[in-house]
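S.K.: Let me begin by handing over the structure; questions about it come next.
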Amino acid sequence: GNSVTQMEGPVTLSEEAFLTINCTYTATGYPSLFWYVQYPGEGLQLLLKATKADDKGSNKGFEATYRKETTSFHLEKGSVQVSDSAVYFCASSGSARQLTFGSGTQLTVLP
Amino acid sequence: KAGVTQTPRYLIKTRGQQVTLSCSPISGHRSVSWYQQTPGQGLQFLFEYFSETQRNKGNFPGRFSGRQFSNSRSEMNVSTLELGDSALYLCASSLYDPTGYNSPLHFGNGTRLTVT
């Protein structure tokens, strides 16, 4: 079955630092890939997605590129803000019509 | 446009009791999925409903069940509660995409269930 391995947290950065959160997946076929973000006390919000190899998803300064050769979908942002502090989840979908999530990475950005 | 609404936000139940959680999807979304979130197991898929029919089910015991109504609203039920059922239960709605999840999920804020 599908699985998603995500960089262990927590990650603590200073404001304006560069962010990378690693994500790799295993799947049969070619899943769609997603990054979701969860703020305290809330559900998950879709941050970005990519549906095929070499696609780049982007939103709010965050980017991730679907790399089939390395089965990766790493999340990056050039300059983080305090408001980016949250838990980030990488996820993949497949023909089973369900999302498989990584374990989540807690990001804290200090002013 | 209103988002996914889950009620109640918090529940406290005793072992052996049963509980029903409710989810109202975004208007126009006919697919509703449920996920369980715990610190130990993370996010795990429970089931998905479309057109009042369960289309997919995760690896949970039969104590976990659900249903969907003609207006796409969904409920999930957990019978004979165990301490390990304490979790955040998240509902998500989407446009139905038979090929997979190209139509993204929109999550509610969840129901926090505590079993004592």
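S.K.: Given the convex hull over the Cα atoms of the protein assembly as shown, what projected area results after averaging over all orientations, in nm²? Write down the numbers at each step before the final one.
M.R.: Working: hull surface 49.1 nm².
Averaged projected hull area, Cα only: 12.3 nm².
S.K.: Once amide H atoms are placed 1.01 Å from N in the peptide plane, what residues at a sequence separation of 5 or more from B:Phe47, or on another chain, have their amide H within under 5 Å of its amide H?
M.R.: For B:Phe47, whose amide H was placed from the backbone, the distant partners under 5 Å are B:Trp34, B:Gly58.
S.K.: Which of A:Ser32, B:Ser72, A:Ser85, B:Ser51 has the fewest other C-beta atoms within 10 Å, and how do the rest follow up to the most? Intermediate results must be reported in sequence, preceding the final value.
M.R.: Numbers: A:Ser32 24, B:Ser72 21, A:Ser85 17, B:Ser51 11.
Going from least to most buried by this count: B:Ser51, A:Ser85, B:Ser72, A:Ser32.
S.K.: I would also like to ask the following. Which number comes out as Rg/Rh for chain B once both Rg and the Kirkwood Rh are worked out on C-alpha atoms?
M.R.: Values: Rg = 13.4 Å, Rh = 14.1 Å.
Rounded to two decimals, Rg/Rh equals 0.95.
S.K.: How much space per residue, in cubic angstrom, does the convex hull of the C-alpha atoms of chain A take up? Before the final figure, lay out each step's value.
M.R.: On the way: hull volume 10.1 nm³, N = 111.
Spelled out: Cα convex hull of chain A, divided by residues, is 91 Å³.
S.K.: Moving to a separate point now. What are the lysines whose alpha-carbon lies under 30 Å from the alpha-carbon of A:Lys60, with same-chain residues fewer than 8 places away excluded?
M.R.: Candidates past the 8-residue exclusion: A:Lys49, A:Lys52, A:Lys68, A:Lys77, B:Lys1.
S.K.: Continuing with this model, one more query. Roughly how many debye, to the nearest 20, is the charge dipole of chain A about its Cα centre, given +1 on each Lys and Arg Cβ, -1 on each Asp and Glu Cβ, and no other charges? Mind showing how you got there, number by number?
M.R.: Values: 8 positive and 10 negative charges, 86 e Å.
Here chain A has a charge dipole of around 420 debye.
S.K.: In the P(r) worked out for segment A:44-106, what percent of Cα pairs fall beyond 13 Å?
M.R.: Numbers: 1311 of 1953 pairs.
Within segment A:44-106, distances greater than 13 Å cover 67 percent of Cα pairs.
S.K.: Here is a follow-up. At a 10 Å Cβ-Cβ cut-off, how would you order A:Met7, B:Met76, fewest neighbours first? Please list the in-between numbers first.
M.R.: On the way: A:Met7 18, B:Met76 22.
The order, fewest Cβ neighbours first, is A:Met7, B:Met76.
S.K.: For chain A, with the dipole built from +1 on Lys and Arg beta-carbon atoms and -1 on Asp and Glu ones, taken about the Cα centre, which of A:Leu107, A:Thr24, A:Tyr39 lies farthest toward the positive end?
M.R.: Going by the charge dipole, the pick is A:Thr24.
S.K.: To continue, here is another question. Once each part is reduced to its C-alpha centroid, what is the distance from segment A:43-100 to segment B:1-61 in angstrom?
M.R.: Using only Cα atoms, the two centres lie 23 Å from each other.
S.K.: Count, for each residue of B:42-48, the Cβ atoms from other chains sitting within 10 Å of its Cβ, then give me the mean as a whole number. Mind dumping the intermediate values first?
M.R.: Working: counts 8, 11, 3, 6, 1, 1, 3.
Per residue, the average neighbour count from other chains is 5.
S.K.: Give me the percent relative contact order of segment B:28-70, please, defined on Cα pairs under 8 angstrom at least 6 residues apart. Walk me through the numbers before you get to the answer.
M.R.: Numbers: 62 pairs, mean separation 12.9, N = 43.
Averaging sequence separation for qualifying contacts and normalising by length gives 30 percent for segment B:28-70.
S.K.: Tell me, Kirkwood radius of segment A:1-61 from alpha-carbon pair distances, in Å?
M.R.: Numbers: mean 1/r = 0.0729 Å⁻¹.
It is 13.7 Å.
S.K.: Percent relative contact order of chain B, based on C-alpha pairs within less than 8 angstrom and at least six residues apart?
M.R.: Working: 292 pairs, mean separation 41.7, N = 116.
Relative contact order here is 36 percent.
S.K.: Using the Karplus curve 6.51 cos²θ - 1.76 cosθ + 1.60 with θ = phi - 60°, what ³J(HN,Hα) values do you get for each residue of segment A:12-25, in whole Hz, with x for Gly and Pro?
M.R.: Each residue's phi maps through the Karplus curve to give 10, 10, 8, 3, 6, 6, 8, 10, 9, 10, 7, 8, 10, 9 Hz.
S.K.: Under the rule of at least 5 residues apart or a separate chain, name every residue whose amide H is placed under 5 Å from the amide H of A:Leu48.
M.R.: So A:Leu48 has HN proximity to A:Trp35.
S.K.: A follow-up question, please. Can you list residues whose amide H is under 5 Å from B:Thr5's amide H, if they're 5+ apart or on another chain and H is modeled 1.01 Å from N?
M.R.: Those qualifying (amide H under 5 Å, at least 5 residues apart or on another chain) are B:Ser24.
Every read-out reported here was derived from the displayed coordinates using simple, explicitly stated rules and does not represent laboratory data. None of these values were measured; they are calculated from a predicted model. Cβ sites come from the backbone with ideal geometry, for glycine too, and all protein chains shown count toward neighbours.
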